[in-house]
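Comments concern the structure below.
The values are calculated or read from the model by the stated rules, or taken from the named source; none is laboratory data. Here the structure is a predicted model, which means the values were calculated and not measured. Here Cβ is always computed from backbone atoms with ideal geometry, including for glycine, and neighbour counts include all displayed protein chains. What goes into the accessible areas is simple: the full protein's heavy atoms, side chains included, and nothing from ligands, DNA or RNA. Shrake-Rupley method; radii C 1.70, N 1.55, O 1.52, S 1.80 Å.
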Amino acid sequence: MGGVLRAALICGMGVQILLGLAWLIKNIGGLQNFQETRLLLAGESAADSFYSGILYRGLAALLSSRLWILYGFQLAAAVVASYGLMSCFFGREKEVLRLFGALALTTIPQAMQCHLAVLPWSLGTSLLLGETALLKRAWDIRGRAWGLVPDEREPGSGIKGQEAGRHTARRAAGGLAAAMLILWLLILLVLPLYAWFALPMIFALLWRIGKGWKGSGRLVCALAALALFLCSVTVNCGWDPGHWNRKLAADALSRTGWPYFQYTYDVFPQPQHDEIGLVTAREVSAYADGVERVLIPKLEEMYGAEETTALLWELAGICLRDNLKVDIKNIVWDMAAYHATPPILLMQFKGRAYDAYSGTNYEQMRSCAPLLTRHYVVYSGRWWWVMLALAAGIWVCEGLQRGISREKTGKGTRKRGLWGRLRTFLQCWFPVLAGMEWMIVCLVLNGSGIMDYKKNLWVTILWYVASMWTLTLTEEEGSEEWRS
């Protein structure tokens with residue numbers, strides 16, 4: 001039964017790969033005309049409202065007349081990062097599965113759209129996948145399968161041999177930590193926002209390295225973690241508390257006030273009710289970024305910067321009291337959409353969800369191949385559920401088969417219980433899960449009506465990674481590698 005489920009999983013992924021390659025061929029020479037794309041190509045995307053880092057802005061400006069080179073670079077980075085992550089689960093003898101998994105991760109529709117767009121989300125996601133792969137390898141160093149910690153049964157692996165193995169493992173972990181820092185610096189230059197979400201993985205590795213050191217070594221790790229945090233604050237937020245307060249107030253009003261601002265406007269106190277005016281209130285409700293685009297400039301003309309920030313907080317509180325149930329519903333939908341993008345995307349297309357940027361994204365995606373894009377996206381949304389069901393079925397079947405095998409042979413007694421395995425699993429993957437949830441919370445709190453599936457590709461891709469992992473359960477070595 002498990003073999004049939006694995007074959008079905010591979011076939012389903014294969015269909016997605018074929019659709020993705022067909023869409024790639026049809027769109028490699030096109031241009032998706034996003035607002036940030038236009039500003040990037042014109043060299044004007046340095047505003048705070050956009051996300052591109054200085055390195056990506058320079059790359060886009062340099063290759064503005066040869067976009068196929070930029071697309072090829074982004075595709076190559078995605079394949080390399082995906083291959084590196086797949087190699088953490090499949091051994092060298094499974095080279096075909098490594099390549100197959102890399103293609104499966106690269107051809108996810110939402111990811112493929114970003115690979116062929118002048119936007120930083122593709123490269124930023126590839127760098128996050130690289131960080132994930134390096135963290136997984138760093139955690140695997142402690143296993144005997146890598147040969148870095150000698151097995152006590154091997155000749156010559158006494159106390160001295162074990163000390164040598166630990167020293168080698170520490171050096172390897174240090175090299176991986178250095179590689180993660182380099183990738184983090186690239187993230188900071190390509191897509192500064194993503195630098196926040198890589199921090200839990202780097203902090204986890206520094207903490208692990210620091211545990212094996214004493215005195216000055218631990219201090220170096222602590223100072224490195226502090227430096228990374230301060231660097232992220234400097235690049236993403238600056239050091240002006242007034243700017244922080246203004247950003248938080250604007251996001252709070254956008255989150256609680258949209259799209260019912262024009263109705264909540266009726267309960268605003270005087271003189272703000274008359275000064276804002278019904279026309280402005282309708283314009284704020286008409287655009288998801290209406291608070292930044294329309295309301296704040298008008299308030300600053302009348303009140304100045306400091307009073308405007310205080311007024312934004314006051315209006316946000318009024319909107320929250322007036323629209324509490326609707327705000328909770330929208331937050332739940334945003335959380336669901338960022339956690340499970342492919343199936344929720346189909347609901348958005350059918351009008352069963354809420355306002356988001358998905359419609360605009362899809363219109364750009366289908367510009368060169370409307371019918372193919374439709375089949376590609378619809379298949380992905382439906383396949384997501386089937387993929388997870390198949391992966392769960394493989395996991396259950398393999399567990400039952402091993403239980404039966406142990407009963408028949410009397411061998412293979414479990415060395416660790418459920419809680420022990422769960423603890424080991426969380427030690428490796430909790431930093432990744434923490435980074436994912438931090439990403440989702442930040443995107444959700446950024447405002448209402450601006451859900452954008454291009455921004456959470458990392459989360460979407462890791463669902464496929466988890467499903468592909470079940471193909472390793474046929475090998476005891478692969479299963480142990482995952483658990484370690």
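Sort 365-371, 191-197 by packing, meaning the average of other beta carbons within 10 Å per residue, with the highest value first.
Result, highest mean first: 191-197, 365-371.
Using a 1.4 angstrom probe on the protein heavy atoms only, line up 377, 220 by accessible area, largest first.
Working: 377 5, 220 90 Å².
The most accessible residue leads, giving 220, 377.
Starting from 0.36 nm per residue, how many nanometres of slack lie between residue 434 and residue 375 once their C-alpha separation is accounted for? The partial results should precede the final answer.
Details: separation 59, 0.36 × 59 = 21.24 nm, distance 3.37 nm.
So the extension gain works out to 17.9 nm.
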Heavy atoms of residue 282: accessible area, 1.4 Å probe, square angstrom to 10: 130 Å²
Any of 247/298; 329/350; 94/454 with alpha carbons more than 21 Å apart? Name them for me. 94/454
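Using R₀ = 51 Å, calculate the FRET efficiency as 1/(1 + (r/R₀)^6) where r is the Cβ-Cβ separation of residue 168 and residue 386; round to 0.05. Write out the running numbers ahead of the final one.
Working: r = 44 Å, r/R0 = 0.86.
Using R0 = 51 Å, I get an efficiency of 0.70.
Tell me the carbon and sulfur percent of the accessible area for the range 271-320, rounded to whole percent, probe radius 1.4 Å. Numbers along the way, then the final one.
Numbers: 1350 of 2500 Å².
That share works out to 54 percent.
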Potential extension, residue 244-residue 427 segment - 0.36 nm per residue separation minus Cα distance: 62.5 nm
In the range 24-124, the GluC sites (Glu not before Pro) that sit in a DSSP loop and have at most 14 other Cβ atoms within 10 Å of their own Cβ are 44
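At a threshold of 8 angstrom on Cα-Cα distance, excluding pairs fewer than six apart, so keeping six or more, what relative contact order does the range 1-110 reach in percent? Each step should come with its number before you reach the end.
Numbers: 58 pairs, mean separation 34.4, N = 110.
Reported as a whole number, the value is 31 percent.
Let's test the formula: R0 of 45 Å, r as the Cβ-Cβ distance of residue 314 and residue 93. What FRET efficiency results, to the nearest 0.05?
0.10
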Using Cα-Cα distances under 8 Å and only pairs 6 or more residues apart, what relative contact order does the range 172-221 have, in percent? 32 percent
Per the C-alpha gyration tensor (a ≥ b ≥ c, the square roots of its eigenvalues), the range 276-323 is rounded if a/c is under 1.5, else prolate if a/b beats b/c, else oblate; here it's oblate
For residue 213 and residue 28, what is the calculated FRET efficiency with R₀ set at 30 Å and r taken between the beta-carbons, to the nearest 0.05? 0.05
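Taking a quarter of the surface of the convex hull around the Cα atoms of the range 162-311, what do you get in nm²?
Working: hull surface 48.1 nm².
Average projection, Cα convex hull of the range 162-311: 12.0 nm².
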Return the distance in nm (one decimal) between the two label points of a simple spin-label model at residue 274 and residue 339, each offset 7 Å from Cα along Cα→Cβ. 4.8 nm
Taking θ as phi - 60°, what are the ³J(HN,Hα) couplings along the range 308-321 by the Karplus curve (6.51, -1.76, 1.60), each to the nearest whole Hz, with x for Gly and Pro? 5, 4, 4, 5, 4, 4, 5, 5, 4, x, 5, 5, 5, 5
Taking only the Cα positions of the range 84-136, the convex hull volume per residue in Å³ is 65 Å³
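For residue 328 and residue 442, compute 0.36 nm times the residue count separating them, minus their Cα-Cα distance, and round to one decimal in nm. Could the numbers behind the result be given before it?
Working: separation 114, 0.36 × 114 = 41.04 nm, distance 1.59 nm.
Additional length available on full extension: 39.4 nm.
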Using θ = phi - 60° and Karplus 6.51 cos²θ - 1.76 cosθ + 1.60, couplings along the range 223-230 (whole Hz; Gly, Pro as x): 5, 5, 4, 5, 5, 5, 4, 5
